Each structure stands twice: as C-alpha cells, then as structure tokens.
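Okay, so here's the structure we're looking at.
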Amino acid sequence: MSEQRRLRALQAALAAEHAAVYGYGVVGGRIGERRRADARSAYDAHRARRDTLVREVRDLGGTPAAAAAAYALPFPVPDPAAAVRLAAELEDRVAGVYSDLVRASAGELRRGAAEALREAAVRAVRWRGESVAFPGLAERAADAGPTATPTA
C-alpha cells in the first residue's frame, strides 16, 4: 500500500471533517434545546478528529487540505427536524470516507480510521434512531461523489 494512497485517503477524511465541523455549526444553530448537547459533543468530536488528521497528513509529508469558507448543504435546514436529518447525513458521509481510509491504511492508522468509522456510525444511529447494516459502505455506493461541496 503506497504512501500516496494513504495520503489521499487522509486528505479525503480531513476534507470530510472540515465539512462536518461546518455542518455541525449549522446544526447547532437550528437544533432544539433537547438535542443541543448531542450536537455540541459531535462538533467537538469532529474538531478533534480534524486536528488529528492534520497532524497525520503532516507526518506523511503532506500539506493538510484547508477548510473551505463555506459548504453547500445537501438540503435546506430551517428547523430542528431538518437539523437532526443534517446531523445524520453528516455522520453517514464521514463514515463513508473513513471506510475508504480503513481500506487504504494499515496498523495504527487503520485502527484509528476504524474507530472513527464506528464513532460516526454510532452518532448516525443516535440522530436517525435506526442503523444500517454496513455503516460507511452503503453510503459510498449511494454517493460516490465528494463528501461536501465548498461554496467559496
């Protein structure tokens, strides 16, 4: 397995985490009071993963992908119900990218990617209230496109 392949997968995961951090900013602004702590916890988890990925990209000699100024959301988020749907969608997309990183890595990097995939899948279940059979894989088949679309 080549370092270039690992680096590309790390950069994709980093881009997904940038998008998730942005998305959870939107979720936090629209979510109801009852779920606000969940949104804050997920936001903090994605920021921590993002920071770890920045270090891992640098460790492989790469320049970490920068966050876009804004990202296109997959649908309008006018209310708490839409915020919950967005949170589940963000987790599904992150899980898909981490499934790619699991396939592209080995050792400690692979263990970390598998843990991130598991965490995203668990958060998606909590947001959605139901699970999927193979978190990260079904999403990859349905959406082979980029994790998020920068708008600026």
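One table, with the values for the structure above:
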quantity: Fraction of accessible area attributable to carbon and sulfur, segment 1-130 (%, probe 1.4 Å); calculated: 50 percent
quantity: Label-point separation in nm, Ser41 to Val125, each point 7 Å along Cα→Cβ; calculated: 1.4 nm
quantity: Whole-angstrom Cα spans of segment 15-70 along principal axes, big to small; calculated: 43, 20, 10
quantity: Globularity ratio of segment 19-107, using Cα Rg and 2.2 N^0.38 Å; calculated: 1.19
quantity: Tyr22 - accessible surface, heavy atoms, 1.4 Å probe, Å² rounded to 10; calculated: 80 Å²
quantity: Peptides 32-38, 85-91, 104-110, 42-48 ordered by average Cβ neighbours within 10 Å, highest first; calculated: 85-91, 42-48, 104-110, 32-38
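The values are calculated or read from the model by the stated rules, or taken from the named source; none is laboratory data. Quantities reported herein were computed from a predicted structural model and do not represent experimental measurements. Positions of Cβ are generated from backbone atoms using ideal geometry, with glycine treated the same way; all protein chains shown enter the neighbour counts. SASA here: full protein model, heavy atoms, side chains in, ligands and nucleic acids out. Shrake-Rupley method; radii C 1.70, N 1.55, O 1.52, S 1.80 Å.
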